[in-house]
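Participant: Starting off with a structure, shown below.
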Amino acid sequence: MTRLTRGESQAQTRQALLDTASRAFLRDGFFATSLDQVAVEAGYSKGAVYSNFRNKEQLCLAVLEHIHAEQTRLIERAMCGPADLPERLRAFQEWAERTIGDPAWTGLECEFAAHARNRPELRAELARREESVRQLLATVIDRTAQDLDAALPMPAPDAAAALLSLGIGLGVRRMVDPATPVDVLTDTLRLLLSSASA
């Protein structure tokens, strides 16, 4: 078996810690999860955690960044895969039904945002990462409009901001009441893209 280089070993350790932290944060929440717990569950020392992440906040930011990247990838697959608008909207609706209001993810997002409220540097870093999600979503919306050979009724970044804000609001509502429908999110996307196609 080929021996890992130091860089490969460090990357493997970081990924193992990230995977373990993701499970712990989603299961127990931000406040209830400790770095000691993450280290023990991952099978590493606490020093290994600190050599990869400055503190628990940075570890949670990395977990949220990973979740956002994965969800953005799923949205992109739903919106950029099928050939016509109805199929794209159906795929998006299926993603929204599965994902919007997931208690673990939504709870972690809310808990961490509340924690960051009185910490300007952390709040700014969280905002930068959320802005990158908006930009990725804008790219997906713009590409979809181009596929449909149409012009959006507003700039793609504004459309992305509207959909993201609506999705976050629905997520919080569905965390409290899972019966809350997500159709309004798909309907808003339909209006944007149908207007573009008109």
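Participant: Using only Cα atoms and rounding to the nearest 10 degrees, what angle (0 to 90) does helix 6-28 make with the longest principal axis of the chain?
Facilitator: Taking Cα atoms only, the helix is inclined about 70 degrees.
Participant: Using 1/(1 + (r/R0)^6) with R0 = 22 angstrom and r between the beta carbons of Arg128 and Ala162, what's the FRET efficiency to the nearest 0.05?
Facilitator: Using R0 = 22 Å, I get an efficiency of 0.65.
Participant: Starting from a Cα-only point model with no solvent, please compute log10 I(q)/I(0) by Debye for segment 155-196 at q = 0.17, 0.21, 0.27, 0.33 1/Å.
Facilitator: Relative scattering, expressed as log10 I(q)/I(0), comes to -0.47, -0.66, -0.91, -1.12.
Participant: How much net charge surrounds Ala78 when only the other residues with a Cβ under 12 Å from the Cβ of Ala78 are counted, with Lys and Arg +1 and Asp and Glu -1?
Facilitator: +1
Participant: Right, something else. Rounded to two decimal places and with Rh computed the Kirkwood way over Cα pairs, what is Rg over Rh for the chain?
Facilitator: Across the chain, the Cα-based Rg/Rh ratio is 1.03.
Participant: Test of understanding: extend the Cα→C-beta vector of Glu121 to 7 Å, then name every residue of segment 1-27 with backbone N under 20 Å from that spot.
Facilitator: Output list for this probe position: empty.
Participant: For segment 1-53, what is the per residue volume of the convex hull drawn over the alpha-carbon atoms, in cubic angstrom?
Facilitator: Roughly 77 Å³ of hull volume per residue.
Participant: Compute the distance from the alpha-carbon center of segment 116-151 to that of segment 41-93, in whole Å.
Facilitator: 14
Participant: Can you give the charge dipole size of the chain about its Cα centre, rounded to the nearest 20 debye, using +1 on the beta carbon of Lys and Arg and -1 on the beta carbon of Asp and Glu?
Facilitator: With only Lys, Arg, Asp and Glu charged at Cβ, the dipole is about 640 debye.
Participant: Where the only charges are on Cβ atoms (+1 Lys, Arg; -1 Asp, Glu), what is the dipole of segment 1-53 about its Cα centre, to the nearest 20 debye?
Facilitator: Value, rounded to 20: 160 debye.
No lab work stands behind these numbers, since they all come straight from the coordinates. Predicted, not measured: the structure shown is a model, and the values here were computed from it. Here Cβ is always computed from backbone atoms with ideal geometry, including for glycine, and neighbour counts include all displayed protein chains.
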